[in-house]
Each structure stands twice: as structure tokens, then as C-alpha cells.
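Novice: Structure incoming, see below.
Computed from the coordinates by the stated procedures, all read-outs in this text should not be read as laboratory data. In this text the structure is predicted, and so the values were computed from the model without any measurement. Cβ atoms come from the backbone with ideal geometry, glycine included; neighbour counts cover every protein chain shown.
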């Protein structure tokens, strides 16, 4: 019998398969959403009268990118609010806030975010800055990393915050000399105001998800893990938006959700997580992971460190950050979750948090044996050298956010001077993890930072951002090669997402594919970031064409 014609053939290579040999081909055929042939010019024999043919003309074809840590619904919603991303200029913040408030007189609250700590002395903006722009309505703006917020006086008053208000156990209220809240809120303190912010409607969240999905597809992303499904700091649960989009067939990406672990509760919430996992399995949506935030961030000194932070004079302080979940209890929780076949997705930024997360994985392995749960630790800003080989030994995946591994004011002014001991030299040890045999995945943490995988790949390889004026390379011994960085954003993240039928170009895999406008291997490493996505396919269907 004659070989049936393909629905789609992409030919004229190069094709990067991201297989174990990092082999290349020139042509790929797709039939009924699956890759049915990978090879050279002979694949063209599958072209028939109804076959769509894409002439690659020397452009690179590779598996669709996957983001192993992203907040798509939150990011999409924020795109429709007061957006302060893409600048660090306080005057530009002033212009945007005033313009948004004037354009939306009907809004009870002015909300949005994306401001950078580096824009303000000590990383803390003031309420008076906002009062001058919006004196009569409450303003609440999340910062770029979403571990802090900025509020005006009206918002602080509505929340009842004054000099007598105690800091919550998992956060800090920044204060003026007399104890009055200054307008900056760190970590759990953000919830003191966030609980009053009118929640977005389900329709708003669905619209935000679809807006985010289009953006992510335009960047070549075909699947992701949403790193927080649940109620957090007063923000509504994104899960319902996913459920609506998946039920209506509008979720074109493949999504695995990480169910939020409420750190104010204990193991009694696990049966609820089991039920949520069952309910959130519709179409291309699953929720097989549990997100545990073990610590905060280094810039506000809440990341959990083995060495104490330094003060402005370089002297050790009494503060070594916060462990949000008791380490002994964490081991018990992770062991129980692992036994129920949940993947655990840790936020572990400081080296003490990394160690506590690895200890929990080790406890689960000891109790349950090695199960295919694929636990992963995200962020990994500081990793103690003693813990680097434990990733391989425990089968724990290193989930990297490469864009942060570069010199920038937030790193140079708010982080390095305050890290004690050798911590500053242990930051983002990508190459050490690779050399130790760890499995690498990658993600963006958008809207904390850009969702563009090519930007992340560029930084992972160069340890400096594309187009940065600062020519310094951040800890150059931790650079990755281009092939490894691409694999982390494709096969590595597919592994984390339990999407074993994707992440590589091979016969039988789903046809999740991306076409770049060039082959970045053909140029210097300094030009990787210039590459752009031209087309994105999910199951052989074109979801983006630039």
C-alpha cells in the first residue's frame, strides 16, 4: 500500500531534535497531530496534494519551548492593569500611574504592578510618591518579583495599618522613623492590604489567561507549569479560569498546575488537594503538582540562608531569612504527597531553603522508595556546594530561571553587598549542577521577569542579558552551552511537566514545534538573543505566525 500523505511537512532544515545525540535532520512530517517522520530530503515523499508545506529555508525548527515555572493568569490579568514593567525610571512610573488613574475613573482601586526595587533607595518606595498621584483612591501595586507591594496612604488606612500594627510572622511592614508604615510591604505583609482589593472576576481571569496564552505562543511556548493555583495574598484562584478555558476548548497549550500549599495549615489540607487534582483534569489541563514556598527572596532578606545577611556596613546581622514551613513538618508533608503521586514544586531560593527542600525529598525517597514524581526546586539563587550533588542522587530537578543570573542593579546593589560568607559566589550554579549530573529544566517566573525563552537561553549561555550595557559576565564558570540551555527549555521542562510525548522531535511525539528566524548555533553566542519566533505549532496546528 502507498504511504499516506502527511498533513504537514516542514522541510529545508535545520531541525534540532533535542535527542540524546543532539542530532539534526532537515525535514519533519506531521499527521493527525503527531510526528510521523523525521529525516532528510526523503521525507518530502510524504507531501501530497493536501499537505501543507513549510519551507524552513535555513531557519531552525526545534521542539516547542516549555516554561517550568510561570504565572500565566496573573501575568495576563496584569497586562490589562497599571503596567509598570519594562522600565526602572521613577518618572515613567509616575507617568503611567497618573495616566492609568485618569483613564479609569470608575475603578475603586488602582491595581497592577511590575515596579523594580532598584528604582528606589534601599529598594523601598514611599506612600507619599503615590499620594501625589492618586490621593483619593487606594493604590496597591505589586513589585516585579511579587514578593512585595507598594501602597498609598489611603490603602494603608483602609487596611488599618499604623505604627502599632505588628509585622506578620511571614513578612515585614517597612516603616518611617516613628513606626508609621512607609508604603512598602514585604512577603506576607502584602496580604494585609491585598485582602481588601476587589477580586478580579472570573471573566477577567479567563480573559487574562487567553491574553497570556497568545503572548506565550508568540514566544514559542507550547506548554507550561503554572506555579500557583490557589488563593494567595488575596488574589483569586487562577484554577477556575483554566477550567473554563479547558472545558470550552480554548486552552490550546498543555498546562500542568501546581496546587498552592497553604502554609498556615498542615497535612489536613492534603485530601482537598487530592480532590482538586481530580477536578482539574480536563482537556489539556492537569494539576498533578503541589507548590510549597519555602522561603522569600534575597533582595528583602527573606530568602532562607545558611549564613546571616550583612548590614549596610558589611557586618553580620541576626537575620538569616525565613523558612515559611517548619523543616521537620516539611519532610512529613512531602513524604505524604509523594506517596500520593504528587509532584512537589518547591520555591527554594536561599541555600538553607534548598537544603530543607532536598532533605524533604530525601525523607520521601527513604520512606516511599524512588517514585516517578519528579520533584523540582525552582529559583536556586544560592546553593551550598555540599548540596549540588544531591540533586542527581535524589532525582530532584533543578528548575532554573536564567534571566536572573546577570549583573543588574538589583543584583549588584540590593543583593551581593548583603550576602554573608561565600553566598554571593554560590549564586545560580547552573554549570555546577550540570557537571554534577542534575536534570535541568527552565522557566521564567513571568510576570516577575520576561517570559521569552530566547532571552533566558541567551543569559544562561552568556551570563549577561542580551543588549545589556554592562559588559561584565556574572560568575562566568557557571555558563551553559547553547545545546544544554535549549534542552532545559524543551526536553527538561517536558520532563518536569510529565509530558513525555513532547520536548523532542521524534516519531510518535506530539507535533509541538517552533520555527526560529535563524539558527543561533550559526552565529556568535553574543547574538543568541537576536533570534525571534516565526511560527508555533501545538499538535500540528499553527497557534502563532509572526
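Novice: What is the extension gain from residue 525 to residue 498, computed as 0.36 nm multiplied by their sequence separation minus the C-alpha to C-alpha distance, in nm to one decimal?
Specialist: 6.6 nm is the gain from fully extending residue 525 to residue 498.
Novice: Based on alpha-carbon centroids, what's the gap between region 75-142 and region 381-418 in Å, whole number please?
Specialist: Going from one Cα centre to the other spans 30 Å.
Novice: At a Förster radius of 25 Å, what calculated FRET efficiency corresponds to the Cβ-Cβ distance of residue 202 and residue 541, to the nearest 0.05?
Specialist: Efficiency for this residue pair is about 0.40.
Novice: Using only the alpha-carbon atoms, how far is helix 453-462 inclined from the longest principal axis of the chain? Give it as 0 to 90 degrees, nearest 10.
Specialist: 80 degrees
Novice: Would you kindly work out the equivalent ellipsoid of region 88-220 from its C-alpha gyration tensor and give its semi-axes, the square roots of five times the eigenvalues, largest first in whole Å?
Specialist: 25, 17, 16
Novice: Just grab the label-to-label distance for residue 413 and residue 214, each label 7 Å out from Cα along the Cβ direction, in nm (one decimal).
Specialist: 3.6 nm
Novice: Follow-up. Treat each spin label as a single point 7 Å out from the Cα along the C-beta direction, and report the residue 102 to residue 128 distance in nm.
Specialist: About 2.4 nm, to one decimal.
Novice: Let me ask something additional. Let me understand region 1-124 better: what is its radius of gyration from the alpha carbons, and its Dmax, in angstrom?
Specialist: 24.4, 74
Novice: For residue 371, put the label point 7 Å out on the Cα→Cβ axis and report which residues of region 379-406 keep their amide N under 17 Å from it.
Specialist: In region 379-406, the label zone of residue 371 (backbone N under 17 Å from the point 7 Å along Cα→Cβ) covers 394-397.
Novice: Stretch residue 157-residue 318 to full length: gain in nm at 0.36 nm per residue minus the Cα-Cα span?
Specialist: Stretched fully, the residue 157-residue 318 segment lengthens by 54.8 nm.
Novice: Same structure again: Normalising by the residue count of the chain, find the relative contact order in percent from Cα pairs under 8 Å and 6+ residues apart.
Specialist: The normalised contact order for the chain reaches 17 percent.
Novice: At residue 328 and residue 274, where each label point lies 7 Å from the Cα along Cα→Cβ, what is the point-to-point distance in nanometres?
Specialist: Going by the 7 Å Cα→Cβ label model, 2.6 nm.
Novice: Per 0.36 nm of contour for each residue apart, how much would the distance between residue 473 and residue 339 grow if the chain were fully extended, relative to their Cα-Cα spacing?
Specialist: 43.9 nm
Novice: Taking region 64-113, how much of its Cα-Cα pair set, in percent, is spaced more than 13 angstrom apart?
Specialist: So the portion of pairs separated by more than 13 Å is 64 percent.
Novice: Please compute the Kirkwood hydrodynamic radius of region 208-304 from all pairs of different C-alpha atoms, in Å with one decimal.
Specialist: About 14.5 Å for region 208-304.
Novice: Let me ask another. Which percent, nearest 5, of DSSP beta bridges in the chain are antiparallel?
Specialist: 45 percent
Novice: For a footprinting-style exposure proxy, rank 289, 264 by other Cβ within 10 Å, fewest first.
Specialist: 264, 289
Novice: Along its three principal axes, how long is region 202-496 when you only count alpha carbons? Whole Å, largest extent first please.
Specialist: Reported extents, whole Å, longest axis first: 54, 43, 36.
Novice: Separate question: Over the chain, what portion of Cα pair distances is larger than 36 Å, expressed as a whole percent?
Specialist: It works out to 32 percent of all Cα pairs.
Novice: Would you mind getting me the FRET efficiency between residue 21 and residue 422? Use the beta-carbon distance for r and R0 = 60 Å, nearest 0.05. Could the numbers behind the result be given before it?
Specialist: Details: r = 38 Å, r/R0 = 0.63.
E(calc), rounded to 0.05, equals 0.95.
Novice: Then there's this: Would region 140-280 count as rounded, prolate or oblate if I go by the C-alpha gyration tensor, calling it rounded below 1.5 in a/c and otherwise prolate when a/b exceeds b/c, oblate otherwise? Mind showing how you got there, number by number?
Specialist: Details: a/c = 2.58, a/b = 1.78, b/c = 1.45.
Note, shape of region 140-280 comes out prolate.
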